[in-house]
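Accompanying notes for the structure given below.
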Amino acid sequence: MKLHENGAYLIQGKNVVIDSSEALKEVKGKTGKDIAKNEAKQNTIAYNILKNHNTSGNMEKLQIKFDKLTSHDITFVGIIQTARASGLEKFPIPYVLTNCHNSLCAVGGTINEDDHMFGLTCAKKYGGIYVPPHQAVIHQFAREMLAGGGKMILGSDSHTRYGALGTMAVGEGGPELVKQLLEQTYDIDMPEIVGIYLTGEPIKGVGPQDVALAIIGEVFGNGFVKNRVMEFVGPGVSNLSVDFRIGVDVMTTETTCLSSIWKTDDKVKEFFEIHGRPDDYEELNPGEVTYYDRFIEIDLSKIRPMIAMPFHPSNTYTIDELNANLMDILDDCEKRAEVSFDGKVKLDLKSKVHNGKLYVDQGIIAGCAGGGFENICDAADILNGTSIGADEFTLSVYPASTPIYMELVKNGAVAKLLETGAIVKTAFCGPCFGAGDTPANNAFSIRHSTRNFPNREGSKVQNGQISSVALMDARSIAATAANKGYLTAATEIDVNYTKPKYFFDKTIYENRVFDSHGVADPSVEIQLGPNIKDWPQMSALPENMLLKVVSEIHDPVTTTDELIPSGETSSYRSNPLGLAEFALSRKDPEYVGRAKEIQKAQKAIENGECAGKAVPEVGEVMGVVKKTFPNVGHDNMGFGSMIFAVKPGDGSAREQAASCQKVLGGWANIANEYATKRYRSNLINWGMLPFIIDEGELPFKNLDYIFLPKIRKAIEEGKHEFEAYVVKDGSLNPFTLKMGELTDDEREIILKGCLINYNRK
């Protein structure tokens with residue numbers, strides 16, 4: 001794999017000229033034409049799709065309107081509640097509400113189905129599409145029924161990626177979907193486009209997850225594609241089945257890229273024909289001479305079976321490399337865990353080594369990444385006539401949709417799997433977000449799913465329970481299962497892959513999916529269960545602010561799973577205040593109490609009371625502030641909390657990572673950088689200040705107070721640097737905070753306190 005930071009020209013989709021001082025001369029020599037770099041930039045597939053969806057008239061400052069929206073049941077209640085509070089009357093474009101995170105209330109209660117009924121009644125009232133539980137995971141339904149060539153889809157799940165089908169899709173926090181529902185725009189600077197040039201053909205036994213992990217391992221740490229669009233081109237694309245392309249594409253999220261797009265061909269055309277939507281196919285290719293801002297060359301034949309060890313998809317090795325250096329790599333993973341969990345629990349992977357081989361406790365093939373037809377068919381072929389054994393090792397397979405499940409039943413793949421001792425389950429995202437197939441304490445799970453962050457498998461470090469996940473391809477998981485749990489690469493297995501043809505039967509969707517066909521029915525009463533709560537009132541940005549640092553995190557990257565844990569906490573997904581109680585619970589259990597304590601000061605002044613009486617410490621700090629700023633007082637002050645993290649926001653798109661801070665009185669984050677655009681957008685849409693501070697020793701520490709004078713005026717004036725003071729030892733110690741560029745709308749959202757206030761009529 002070769003990474004070219006300087007970019008490259010692609011001629012007729014197959015000849016590569018790496019950018020240099022002589023590049024344009026070489027391009028002319030091959031084409032006989034003079035072409036400017038800026039002109040060639042406009043020949044990417046991505047540029048032209050963005051151009052067709054941009055409403056600003058300025059291709060440097062995009063204002064995008066999407067064709068369709070999609071959400072699942074962890075996010076759609078909050079999104080619709082936000083939109084309702086902002087004046088929603090009907091869904092202006094197709095909006096699909098799926099229910100693939102249906103895992104709540106294992107010990108009783110109505111919360112799960114209450115949320116689903118909320119979704120169904122909203123689909124009826126506002127004119128949407130409702131997919132009942134177990135029918136399809138969100139992204140598979142989108143592939144089967146929504147994607148189209150040259151289209152754009154916005155989803156509230158981070159893995160909203162349909163580039164292999166010719167659709168540019170973006171995963172964002174809920175407020176960005178709210179904007180689309182209110183016929184506003186998605187505002188971004190024109191992103192850079194990274195060409196992913198594929199050659200060769202994967203060897204037998206290598207699957208899409210192997211290719212994806214190889215890419216993630218190369219580009220995540222250096223930010224090579226961060227907030228950029230990955231465009232897959234080159235002759236190697238045609239050597240991949242559509243299912244294979246989809247499997248690579250869905251994992252591009254883990255590179256932190258903004259979106260993805262692929263050239264399309266007759267195989268993609270056949271996909272749409274199989275799914276009864278031939279008119280949704282569009283042939284997409286780069287122009288005759290196309291310039292990419294960055295470029296990656298990948299020879300598919302060089303990829304070998306991969307494994308991403310705990311606790312990140314970028315912690316990658318070839319399986320051969322792992323087996324050759326087993327104890328050293330396992331020791332490194334244990335040390336990483338020690339740091340990640342602050343020594344609270346001990347991960348013991350080295351005990352999994354039996355006679356020089358790594359024993360795995362569990363295998364999972366599931367979700368939008370692993371649950372595809374081809375993955376499961378190949379796994380069934382590997383396992384055919386074998387047994388997973390009667391020991392600790394278990395294997396569960398989750399087809400990504402009921403149509404896929406039906407075809408696997410019809411062609412015999414399900415029978416092959418069941419005979420081995422594997423369990424075949426319904427479409428569910430549980431193994432991806434910590435709500436299904438939780439392994440035993442200290443157990444090691446291998447999964448063809450999207451993420452292996454801490455606690456994603458469902459363990460609870462705060463209760464002394466720890467298990468871990470490694471990501472692998474379905475084929476190597478099946479090979480390991482055939483070897484009764486001993487880690488085995490699929491390339492070591494001699495198997496005849498039958499490659500059965502896929503037949504799509506949408507009858508089940510016609511029978512069960514509610515489709516309004518865009519017709520709203522205002523007479524429908526929305527069904528609100530007792531756990532579904534409105535967003536609390538939120539104040540506008542005050543003139544001056546006194547913020548207490550209530551959590552200080554120095555991990556290299558802080559995921560949204562750490563900011564608001566997934567899994568069982570989702571029982572409160574529709575209750576903003578209830579969910580907020582779990583914020584940072586697995587990373588900093590004292591955060592919530594500290595945030596709520598300082599929030600008392602803000603609530604006091606909102607009620608016309610004294611902040612210093614509500615929080616005596618605030619009175620003392622304000623005494624120090626007033627010595628230098630005598631004009632500050634209750635009528636021009638705001639109080640609240642902030643957190644510091646080195647690089648927050650990797651992972652899930654769910655806006656709860658920001659909204660939970662906000663409802664607890666959070667006003668700001670300070671970071672050296674933000675891991676993703678979507679997390680920064682979530683902060684802004686919830687009225688929080690996304691500050692940046694230069695790397696190095698911090699001028700403040702946890703529990704310090706920071707005073708921000710004239711912060712409202714600074715935001716109004718579009719400043720990028722902000723005067724700040726640490727209140728310490730009876731004095732004010734100045735330092736500088738920074739902030740990246742804000743659009744006019746983003747500034748107004750922050751000034752008004754949140755997106756709801758911005759839209760409230």
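The values are calculated or read from the model by the stated rules, or taken from the named source; none is laboratory data. In this text the structure is predicted, and so the values were computed from the model without any measurement. A quick note on method: Cβ atoms are made from the backbone with ideal geometry, for glycine too, and the neighbour counts reach across all protein chains shown.
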Within the stretch 390-417, how many residues turn out to be assigned to a helix (DSSP H, G or I) and farther than 24 Å from Ala443 by Cα?
-> 13
What is the one condition in (1) assigned to a loop (DSSP other than H, G, I, E, B); (2) surrounded by 21 or more Cβ atoms within 10 Å (Cβ to Cβ) that Ser387 does not satisfy?
-> (2)
Among (1) surrounded by 15 or more Cβ atoms within 10 Å (Cβ to Cβ); (2) part of a helix (DSSP H, G or I); (3) modelled with pLDDT of 90 or more, the one test that Lys626 misses = (1)
Test: residue in the stretch 561-568 that is at pLDDT 95 or above, under 37 Å from the mean Cα position of the chain (by Cα) and of a type in the set (S, T, N, Q) = no
Out of (1) assigned to a helix (DSSP H, G or I); (2) buried (at least 17 other Cβ atoms within 10 Å of the Cβ), the one Leu284 does not meet is (1)
Within the stretch 669-730, strands (runs of 3 or more DSSP E) holding 1 or more residues that are in the same structural domain as Gln656 (by TED's automatic domain parsing), touching a strand residue (DSSP E or B) at 6+ places or on another chain (Cβ under 6 Å) and of a type in the set (D, E, K, R) | 721-728
Out of the residues in the stretch 534-556 that are closer than 21 Å to Lys713 by Cα and surrounded by fewer than 19 Cβ atoms within 10 Å (Cβ to Cβ), which is farthest from the chain's Cα centre (by Cα)?
-> Glu543
Does any residue of the stretch 371-382 turn out to be surrounded by 24 or more Cβ atoms within 10 Å (Cβ to Cβ) and among the β-branched types (Val, Ile, Thr)?
-> yes
When (1) touching a Leu at 6+ places or on another chain (Cβ under 9 Å); (2) assigned by TED's automatic domain parsing to the domain that holds Ile216; (3) assigned to a loop (DSSP other than H, G, I, E, B); (4) in contact (Cβ under 8 Å) with a residue 40 or more places away in the chain are applied to Asp34, the one that fails is (4)
Within the stretch 500-520, restricting attention to residues that are among the hydrophobic types (A, V, I, L, M, F, W, C) and surrounded by 13 or more Cβ atoms within 10 Å (Cβ to Cβ), which residue is nearest to Ile93 (Cα to Cα)?
-> Ala520
Hits in the stretch 595-623 (condition: surrounded by 20 or more Cβ atoms within 10 Å (Cβ to Cβ) and in contact (Cβ under 8 Å) with a residue 60 or more places away in the chain) | Ala595, Ile598, Gln599, Gln602, Val618, Val621, Met622
From (1) in a helix (DSSP H, G or I); (2) over 19 Å from Lys752 (Cβ atoms); (3) modelled with pLDDT of 95 or more, pick out the condition that doesn't hold for Phe644.
-> (1)
Single match in Glu597, Glu620 (criterion: at pLDDT 95 or above, among the acidic types (Asp, Glu) and assigned by TED's automatic domain parsing to the domain that holds Asp555) | Glu597
Here are Leu358, Leu322, Leu347: which of them is in a loop (DSSP other than H, G, I, E, B), surrounded by 15 or more Cβ atoms within 10 Å (Cβ to Cβ) and in contact (Cβ under 8 Å) with a residue 12 or more places away in the chain?
-> Leu347
In this structure, does Pro576 turn out to be outside the structural domain of Asp157 (by TED's automatic domain parsing), in contact (Cβ under 8 Å) with a residue 60 or more places away in the chain, over 30 Å from Gly412 (Cβ atoms) and touching a Phe, Trp or Tyr at 6+ places or on another chain (Cβ under 6 Å)?
-> yes
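Quick grid of which residues meet (1) of a type in the set (Phe, Trp, Tyr); (2) under 15 Å from Ile246 (Cα atoms); (3) crowded, with 24+ Cβ neighbours inside 10 Å:
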residue	(1), (2), (3)
Ile111	no, no, no
Asp114	no, no, no
Gly119	no, no, yes
Ala123	no, no, yes
Gly127	no, no, no
Pro132	no, no, no
Gln140	no, yes, yes
Leu154	no, no, yes
Flag for Asn442 being at positive phi and surrounded by 18 or more Cβ atoms within 10 Å (Cβ to Cβ) = yes
Just one of (1) at pLDDT 95 or above; (2) of a type in the set (S, T, N, Q); (3) part of a helix (DSSP H, G or I) trips up Thr488, so point out which.
-> (3)
Going by the structure shown, is Tyr572 crowded, with 18+ Cβ neighbours inside 10 Å, among the aromatic types (Phe, Trp, Tyr) and modelled with pLDDT under 95?
-> yes
Going through the stretch 1-28 in order, the residues found to be surrounded by fewer than 17 Cβ atoms within 10 Å (Cβ to Cβ), among the hydrophobic types (A, V, I, L, M, F, W, C) and over 27 Å from Phe220 (Cβ atoms) are none
Look through the stretch 463-480, keep the residues that are at pLDDT below 90 and either in a loop (DSSP other than H, G, I, E, B) or over 24 Å from the mean Cα position of the chain (by Cα) (or both), and return whichever of them is surrounded by the fewest Cβ atoms within 10 Å (Cβ to Cβ).
-> Asn463
